[in-house]
Amino acid sequence: MQNDLFDNIAPEMEELAPGVFLFRSYVDENVFMDTVKSVTEEIPFRHMVTPGGKKINVAGSSMGQCGWYSDHRGYRYEMSNPVTGKNWPDIPEHIHRIITNAAKKAGFNNFRADSCFINRYEPNIRLTAHIDQDEVDFTQPIVSVSLGVSAIFQIFGETRGGKPLNIPLHSGDLLIFGGPARRLYHGVKKLDLGHHPLTGDKRINLTFRKAL
Ligand SMILES: O=C(O)CCC(=O)C(=O)O
């Protein structure tokens, strides 16, 4: 009874639209930032290119059993890092626990990520609207964690146009989109000039997926 009352005052999770779940200030930013630092020491952030040869403005790195990759051969998941030939670093078990628990709370009971793409946004950089469609099973959600400078995440519809749902994401927020929202266009608005003690003028986003 007490819990119900408390949950109503400070809900841990809000469903913003069908399949879109927001957990404000949910993660310990330092714990996630430590993982980002150790992964990017091994695999520094880099700008990949699209299959058409355009530089991707958001720099990326990966951890997990497989890593998202893009070059002239197309968008895909790679079982090892094509640059070094080595496996991607593992997703630490304590990070898995946090992500899997959040997914369960949103009703995704079988979610265990096998891939995490780490995005780094610099001031004025945006992520154009896209659908994540290189994964095998679209019944699995996407779980995203934001660190550092705040940004506006946008969810459109089944096309890029129209009025988006704008979701401000701050450091420590966790967002899940799955179910009816899994195959909607989404992107991130141009990053405003800002400062955060953890990341300076940048924003980091970790996007956990079940890709295989
Ligand atoms: O940076 C974000 O909040 C979202 C990232 C994203 O949509 C993606 O990596 O596909």
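Only the coordinates and a few stated rules stand behind these numbers; no lab work does. Every value quoted in this text rests on a predicted model; they were computed, and no experiment measured them. All Cβ positions, glycine included, derive from the backbone under ideal geometry; neighbour counts span all protein chains shown.
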| said: Of the conditions (1) surrounded by fewer than 19 Cβ atoms within 10 Å (Cβ to Cβ); (2) away from the ligand (no atom under 15 Å from the Cβ), Met48 satisfies every one except a single condition; which number is it? | reply: (2)
| query | For Leu165, are the conditions met, namely being of a type in the set (A, V, I, L, M) and farther than 26 Å from Tyr69 by Cβ? | reply | yes
| field | Residues of the range 60-75 classified as in contact with a helix residue (DSSP H, G or I) (Cβ under 7 Å, 6 or more places away or on another chain) and more than 13 Å from the ligand (Cβ to nearest atom), total | value | 1
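So that you can scan it fast, the table gives a plain yes or no per residue for (1) among the polar types (S, T, N, Q); (2) more than 10 Å from the ligand (Cβ to nearest atom); (3) in contact with a helix residue (DSSP H, G or I) (Cβ under 9 Å, 6 or more places away or on another chain):
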residue: Ile131; (1), (2), (3): no, no, no
residue: Val136; (1), (2), (3): no, yes, no
residue: Val149; (1), (2), (3): no, yes, no
residue: Gly178; (1), (2), (3): no, yes, yes
residue: Asp192; (1), (2), (3): no, yes, no
residue: Gly200; (1), (2), (3): no, yes, no
residue: Leu206; (1), (2), (3): no, no, yes
residue: Ala211; (1), (2), (3): no, yes, no
| request: Would you mind finding the one in Gly161, Gly187 that is within 11 Å of the ligand (Cβ to nearest atom), surrounded by fewer than 18 Cβ atoms within 10 Å (Cβ to Cβ) and either without any contact (Cβ under 8 Å) to a residue 60 or more places away in the chain or within 14 Å of the chain's Cα centre (by Cα) (or both)? | output: Gly187
| field | Filter result for Ile99 (surrounded by 13 or more Cβ atoms within 10 Å (Cβ to Cβ), closer than 22 Å to Ser146 by Cα, touching a Phe, Trp or Tyr at 6+ places or on another chain (Cβ under 7 Å) and in contact (Cβ under 8 Å) with a residue 40 or more places away in the chain) | value | yes
